[in-house]
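These notes concern the structure reproduced below.
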Amino acid sequence: MAEKTRIVLKSGKDQSLKRFHPWVFSGAIKKIYGNLNEGDLVSVYSNKDEFLGIGHYQIGSIAVRIISFTEIEPNYDFWKSKIESAWELRKKMGFVEHSETNVFRLIHAEGDGMPGLIVDYYNGTAVMQMHSIGMYFIREELVKVMKDVLGDHLKAVYNKSAKTLPFKAEIESEDGFLFGESNETEVLEYGLKFKVDWEAGQKTGFFIDQRENRLLVQKYAEGREVLNMFCYTGGFSFYAMKGGAKLVHSVDASAKAIDLTKENVELNFPEDSRHDAFAADAFEYLKDIQNKYDLIILDPPAFAKHRNSLHQALQGYKRINTRAFEQIRSGGILFTFSCSQVVSKDRFREAVFSAAAISGRKVRILHQLTQPVDHPVNIYHPESEYLKGLVLYVE
Ligand code: SAH
């Protein structure tokens with residue numbers, strides 16, 4: 001058996017595990033029996049010696065990420081049933097062999113019962129991103145399982161964990177292919193073409209989670225003058241163009257992102273003079289846009305990565321949204337997002353409400369947005385619901 005070591009929790013600290021929340025915080029631990037290293041499997045028990053779960057041990061505030069709440073041996077078949085379940089869900093949701101979309105999230109960490117593991121599917125290439133050493137250690141086995149489950153649908157697997165593994169373990173991971181090889185980097189999303197750079201790009205190369213929200217921009221874009229702030233690969237911009245926008249400006253602080261956006265525009269709308277892209281800082285750019293735009297998208301990076309930067313993050317959301325409310329043309333539509341896991345839906349909404357109040361504009365909520373079905377939320381782990389968005393009508 002792999003689980004030689006065990007953790008016993010302090011009295012009363014077993015409640016969240018009994019409700020299937022998959023994290024054990026280091027403060028809840030009463031005693032560790034045996035020699036425990038980062039990435040090891042460990043069984044967790046209550047103070048009354050009840051088995052609670054088995055998971056991967058990690059040095060840090062989240063000490064264990066539970067992979068099973070029943071006593072099992074996490075062997076090949078165990079992982080196979082998990083990955084099969086994730087693949088089945090994507091199949092049922094219509095992502096496999098979709099005629100217009102061949103990019104989706106295959107494994108969404110806790111959302112799919114596999115804490116520490118993200119897998120994004122790009123037209124045959126699976127890009128894996130491990131956030132825990134436990135998952136990193138079993139990467140070869142996970143690749144075998146994926147080949148088994150996906151069959152011909154899987155042509156290559158790329159590991160991109162160099163920047164996401166917890167640094168305390170001091171394990172160096174080199175990015176690269178674990179199976180096959182592919183330089184087919186063009187993907188389709190609702191018929192639009194995107195070049196994905198999984199080697200150098202942010203996250204696994206593309207922000208798949210905004211797919212349905214981008215489609216909503218298309219719906220409202222007709223005849224509008226659009227600002228896509230924090231554009232990255234330009235996703236929202238093409239949907240706006242497809243939806244008949246009069247003008248689209250894409251802005252990002254990264255010059256590389258602007259190049260990528262321009263390249264993607266050429267792929268989809270060659271020589272279309274409605275689009276332009278600028279490398280600029282959002283706070284600077286938004287200082288003086290006056291009433292140039294009547295559809296604005298604000299999709300910033302996670303302003304808060306940790307709880308201690310929460311206050312600053314909320315100020316950031318308030319500031320950019322205030323600027324947008326103050327200047328958006330009358331009858332304008334604002335799409336505003338937060339992808340910070342530590343910023344709750346309510347806190348984000350409060351920040352946007354304050355911004356609206358400061359601007360003094362009349363604002364109505366049209367839509368409340370979240371992440372799509374290929375980023376499922378584990379009902380016992382509310383933290384997996386990280387993407388929040390509001391679509392607002394500004395009179
Ligand atoms: N909307 C994009 C994803 C945005 S990711 C999509 O649909 O794919 C966040 C982007 O914000 C990154 O590309 C990053 O380069 C950019 N960014 C970060 N800080 C910024 C700043 N201060 N001003 C402008 N862009 C910034």
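The values are calculated or read from the model by the stated rules, or taken from the named source; none is laboratory data. Since this is a predicted model, take the numbers as computed values, not measurements. Here Cβ is always computed from backbone atoms with ideal geometry, including for glycine, and neighbour counts include all displayed protein chains.
Listing for the model above:
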read-out: Strands (runs of 3 or more DSSP E) wholly inside region 103-184 that include at least 1 residues being among the small types (Gly, Ala, Ser) and crowded, with 20+ Cβ neighbours inside 10 Å; value: 125-130
read-out: Identity of the residue in region 48-91, more than 23 Å from the chain's Cα centre (by Cα), in a loop (DSSP other than H, G, I, E, B) and of a type outside the set (D, E, K, R), that ends up nearest to Pro372 (Cα to Cα); value: Phe69
read-out: Given (1) modelled with pLDDT under 95; (2) in the same structural domain as Val103 (by TED's automatic domain parsing), index of the condition Thr233 fails; value: (2)
read-out: Region 214-225, subset closer than 15 Å to Phe337 by Cβ and touching a helix residue (DSSP H, G or I) at 6+ places or on another chain (Cβ under 8 Å), residue farthest from the ligand (Cβ to nearest atom); value: Leu215
read-out: Selected residue [surrounded by fewer than 16 Cβ atoms within 10 Å (Cβ to Cβ) and within 13 Å of the ligand (Cβ to nearest atom)] from Phe337, Phe283, Phe303; value: Phe283
read-out: Restricting region 250-278 to residues that are within 16 Å of Gly205 (Cβ to Cβ) and of a type in the set (Asp, Glu), the residue that is farthest from the ligand (Cβ to nearest atom); value: Glu263
read-out: Any chance Arg361 is in contact with a strand residue (DSSP E or B) (Cβ under 7 Å, 6 or more places away or on another chain) and either farther than 15 Å from Leu298 by Cβ or of a type in the set (Lys, Arg) (or both); value: yes
read-out: Residue within region 287-296 that is within 14 Å of the ligand (Cβ to nearest atom), surrounded by 20 or more Cβ atoms within 10 Å (Cβ to Cβ) and among the basic types (Lys, Arg) present; value: no
read-out: Region 179-201, subset within 13 Å of the ligand (Cβ to nearest atom) and free of Cβ contacts under 8 Å to residues at least 60 places away in the same chain, residue nearest to Ala282 (Cα to Cα); value: Gly201
read-out: All positions within region 18-35 that are over 25 Å from the mean Cα position of the chain (by Cα) and under 15 Å from Ser68 (Cβ atoms); value: Lys18
read-out: Check on Asp49, over 21 Å from Tyr380 (Cβ atoms), surrounded by fewer than 22 Cβ atoms within 10 Å (Cβ to Cβ) and either touching a residue at least 60 places away in the same chain (Cβ under 8 Å) or in the same structural domain as Gly235 (by TED's automatic domain parsing) (or both); value: no
read-out: Verdict on Phe194 being of a type outside the set (Ser, Thr, Tyr) and within 14 Å of Val157 (Cα to Cα); value: no
read-out: Positions within region 172-195 being touching a Gly at 6+ places or on another chain (Cβ under 8 Å) and either within 20 Å of Leu117 (Cα to Cα) or among the aromatic types (Phe, Trp, Tyr) (or both), in sequence order; value: Phe194
read-out: Failed condition for Glu38, given (1) under 27 Å from the mean Cα position of the chain (by Cα); (2) at pLDDT 95 or above; value: (2)
read-out: Helices (runs of 4 or more DSSP H) contained in region 282-395 and holding at least 2 residues of a type in the set (Ser, Thr, Tyr), over 21 Å from Val217 (Cβ atoms) and over 18 Å from the mean Cα position of the chain (by Cα); value: 345-359
read-out: Residue in region 316-328 that is within 16 Å of the ligand (Cβ to nearest atom), among the hydrophobic types (A, V, I, L, M, F, W, C) and surrounded by 14 or more Cβ atoms within 10 Å (Cβ to Cβ) present; value: yes
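Residue-by-condition table, conditions (1) of a type outside the set (S, T, N, Q); (2) under 21 Å from Thr261 (Cα atoms):
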| residue | (1), (2) |
| --- | --- |
| Ser99 | no, no |
| Asp120 | yes, yes |
| Leu142 | yes, no |
| Lys147 | yes, no |
| Phe177 | yes, no |
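Residue-wise test of (1) over 21 Å from Ala351 (Cβ atoms); (2) out of contact with any Lys or Arg (no Cβ under 8 Å at 6 or more places or on another chain); (3) not polar (S, T, N, Q).
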site: Thr233; (1), (2), (3): yes, no, no
site: Lys246; (1), (2), (3): yes, no, yes
site: Lys256; (1), (2), (3): yes, yes, yes
site: Asp288; (1), (2), (3): yes, yes, yes
site: Ala304; (1), (2), (3): no, yes, yes
site: Leu310; (1), (2), (3): no, no, yes
site: Gly331; (1), (2), (3): yes, yes, yes
site: Phe335; (1), (2), (3): no, yes, yes
